[in-house]
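Taking it in order: structure first as structure tokens, then the write-up.
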Amino acid sequence: MKYVEIVAEKSSSDIIQAMAEKDKALDFRLGDTGTDGMRQMRVLVSDDTLQSLLDHLQNILGAQPTARITVLPVETSLPVPDEEKRQKEDAATAAREKLYDEVEKGVRLDANFIVLVMLSTVVASIGLMENNVAVIIGAMVIAPLLGPNLALSLGTALGDVALMRKSMQTLLAGIVLAALFSAGLGLTLPSVPLAGEILLRTEISLDAVALALASGAAAALSLTTGLSSVLVGVMVAVALLPPTATMGLMLGTGNFRLAVNAGLLLLINIVCVNLASKVVFLLKGIQPRTWLEKEKARRAMVIYVLVWLVTLLILIFIIFSRRTLGS
């Protein structure tokens, strides 16, 4: 082990602490700030992480001419560092990286995503108009809507703003494309029958909310426990694609009342899917490892949950207002 003594500007304290945590420091201490604005910090690190810490410190302190790094040998340190705890932290880091790699693949807004959305929308629209549940389920299998939802929740859990932004763009693009394509079908087809499966997507009930919550929870569990992503993807698609296709079909035929109802159901489902998956990630302990990253994730999570809750309350208010006016 080595004791690294650092003298740097006070403003560098937080980022140096974050780097120490990232390099698995065994101990970190902050000293007093001198009259010259320089602050003393001490870090206890193992030999195998010393070089990584020094590299990070040199990058941080390179522009500070009066900064200093001193490395001191350590004969012994009590209590002995908990190796089992360190192994668990390494495993958690590996798990986070694996989760990130898996969801990142599902947010790519490329030609494959666009083609799958278009194909699944066509199949779902046909199933809705023919009142054929089997055809609708077939559309769910190929609908690529699982990835963006999982990435949005995971990005919030990890405080990754870039992943959140990319996943929201992909999810929005998929829904808009599905709505436009189904609206085009509604415009070009001679007639669109108001089949039972279509009317089902224009009614908002507690059953639909429960389905969306279960879909979101199952989506997060599929990522963290290895459940079949195909089956869970069907659940998420059931909550999102049929209401989107119904909304588009109704817009194409000029039935705006039913289109608005389907749109409200879609928005509620999006909120519930993302809220449920976020809760699962929290319960499973998916979070950044370093203090600085945890603070970023905490702020992102608060904003994320508040936005979805406020949106859900507004939608519920609109729904009950419409029902009251309708009666």
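A short reminder: the numbers here are calculations on the coordinates, not readings from a lab. All figures in this text were calculated on a predicted structure; none of them were measured in a lab. Methodologically, a virtual Cβ is constructed for each residue, glycine included, from the backbone with ideal geometry; neighbour enumeration extends over all protein chains shown.
Which order do the peptides 71-77, 215-221 come out in when sorted by mean C-beta neighbours inside 10 angstrom, highest first? Mind dumping the intermediate values first?
Values: 71-77: 9.6, 215-221: 24.6.
Put in order of decreasing packing, that is 215-221, 71-77.
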Q: Provide, for q = 0.17 Å⁻¹, the log10 of I(q)/I(0) from a solvent-free Debye sum over equal Cα point scatterers in segment 1-81.
A: -0.61
Q: Would you mind ranking 316, 198 so that the residue whose beta carbon has the fewest other beta carbons within 10 Å leads the list?
A: 316, 198
Q: Kindly state, to the nearest 0.05, the FRET efficiency for residue 75 paired with residue 15, given R0 = 35 Å and r defined as their beta-carbon distance.
A: 0.70
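Starting with the fewest neighbours, write out 201, 299 ranked by other beta-carbon atoms found within 10 Å of each beta-carbon.
Details: 201 24, 299 11.
In order of increasing Cβ crowding within 10 Å: 299, 201.
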Q) Each label point is 7 Å from the Cα along the Cα-to-Cβ direction; what then is the distance between the points at residue 111 and residue 3, in nm? A) 6.3
Q: Return the subset of 166/278; 2/22; 22/278; 10/284; 2/278; 105/284 for which the Cα-Cα distance in this structure is over 28 Å, preserving the input order.
A: 10/284; 2/278
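For 141, 280, what's the fewest-to-most ordering of other Cβ within 10 Å of each Cβ?
Working: 141 13, 280 22.
Lowest to highest Cβ neighbour count: 141, 280.
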